[in-house]
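The values are calculated or read from the model by the stated rules, or taken from the named source; none is laboratory data. Keep in mind the model is a prediction, meaning the values are calculated, not measured. Cβ placement follows ideal geometry from the backbone for every residue including glycine, while neighbour counts extend to all protein chains displayed. Each accessible area value is taken on the protein alone, full model and side chains, heavy atoms only, with ligands, DNA and RNA left out. Shrake-Rupley method; radii C 1.70, N 1.55, O 1.52, S 1.80 Å.
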Amino acid sequence: MGDTEVADAIARSPQFQQDARSASITTSAWSRTATDERQALREAYRRDLLRGKVVQAADRRASVSDDEVKAAYTAQHESAAITWVRFNPFMFRDAATATDAEAEEYMKARGEEIRKKYEDEKVTRWTHRRR
């Protein structure tokens, strides 16, 4: 950032102009500013100008396609965390106390409910979709 560019930015600042139409710096306004304050002002303007140039450069180079936006959104919002535990049924066979007659009675009492639940879950339970 050159000194000339900083001086021009300061000259365009309304607080140092004679009037709104003039881009010339007033001697009285500048001379009333202490030397240390002038240096701090120059550095502040230098930082602001540099920051503005960085933002402009980033804006010009930042182009994102619709596919990139969609992929980023999908990666952040369309996921599932699945936790499961597999049990071996043989671990529980000695703990089962139901007799065949009790199982048959349970099936008769809730048969329609069991069939409906099976049909509702059949598609998702026995098919696997690949993405």
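Screening segment 8-19 for residues that are assigned to a helix (DSSP H, G or I) and either open to solvent by 50 Å² or more (accessible area, probe 1.4 Å) or in contact with a helix residue (DSSP H, G or I) (Cβ under 6 Å, 6 or more places away or on another chain) (or both) and picking the one that is modelled with the lowest pLDDT gives 16. The requirement of being among the β-branched types (Val, Ile, Thr), open to solvent by 80 Å² or more (accessible area, probe 1.4 Å), out of contact with any strand residue (DSSP E or B) (no Cβ under 7 Å at 6 or more places or on another chain) and without any contact (Cβ under 8 Å) to a residue 40 or more places away in the chain is fulfilled somewhere in segment 84-102, by at least one residue. Being at pLDDT below 85 and among the aliphatic types (A, V, I, L, M) is the requirement here; does residue 103 meet it? Criteria not met by residue 103. State yes or no: is residue 38 exposed (fewer than 10 other Cβ atoms within 10 Å of the Cβ) and out of contact with any strand residue (DSSP E or B) (no Cβ under 9 Å at 6 or more places or on another chain)? So residue 38 does not fit the description; no.
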